[in-house]
Amino acid sequence: MANLNIGYSTAPIQQISSHDRNHQKNFPVCQFLEWDSSFFGYRIAKTTSSKLDTKTIKNILKWSKTNQIDCLYFLADSEDNATINVAEENKFHFVDIRMRFERQLKGSSTELNTAFVGDIRPSCPRDIPFLRDIARTSYRDTRFYYDSHFPAHLADKLYETWIEKSCVGYADVVLIAEVEGDVVGYISCHLHDSFRGQIGTRWSPRRLERKKNRSSIGKQVSALVRRARGNQN
């Protein structure tokens, strides 16, 4: 099953010069993003709802001006036409489509693909430079590259930083695929609770060149994720 969302961001919002930047009202319509703001050098926030109406957008824009927000992330419900219209009318800029695929692991096979020539294992510190190299060039089709307010070199660094942080605790585990001693891809795993989790994966076409059994790597990783999930029960 796949879920589809549309990603938007705003152009810089006009600021209120008299506002104390250290003060932020506790308003539930938006959430200030400390890490993103520090990394990019802009005051960045995200909306807390995937739907918009005239009342909600009024509160969101008021909160954003009060808190001197430069950029606002909004992940829209793609099935709500009114939300899309309100976003466009208020100068939100379309930057991305997010597709999330879901699969029930109960009853799935945990047998590994024995035809795979390589190794799937948890990441270790020595893998980080190779994973940063893959991440730096693997997300050029994402929202940070389609939003001209974010410099491309900082977007590169964002994903390098993300995969490194994932390896040292941000993710529950990062599994890597290694072929002939060469790291060719990774999958980051997050457990939300006892019943739900989330994974993200990326392979390096350059590193996979001339490698055998490329099509079996994904199956091998998926089997290991299912096996790891089973061991948690």
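Quick rundown of the values:
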{"read-out": "Calculated FRET efficiency for the pair ASN90/ARG202, C-beta based, R₀ 35 Å, to 0.05", "value": "0.55"}
{"read-out": "Over 24 Å (Cα to Cα) - which of LYS58/LYS91; LYS62/LYS157; LYS91/LYS165; LYS62/LYS91 fall in this group", "value": "LYS62/LYS157; LYS91/LYS165"}
{"read-out": "Estimated distance in nm for a label pair at PHE101 and ASP36, the labels positioned 7 Å out from Cα along Cα-to-Cβ", "value": "2.6 nm"}
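Since every read-out is calculated from the coordinates, none of them should be taken as a lab result. Source: prediction; values computed, not measured. Note: ideal-geometry Cβ built from the backbone for every residue, glycine included; neighbour counts use all protein chains shown.
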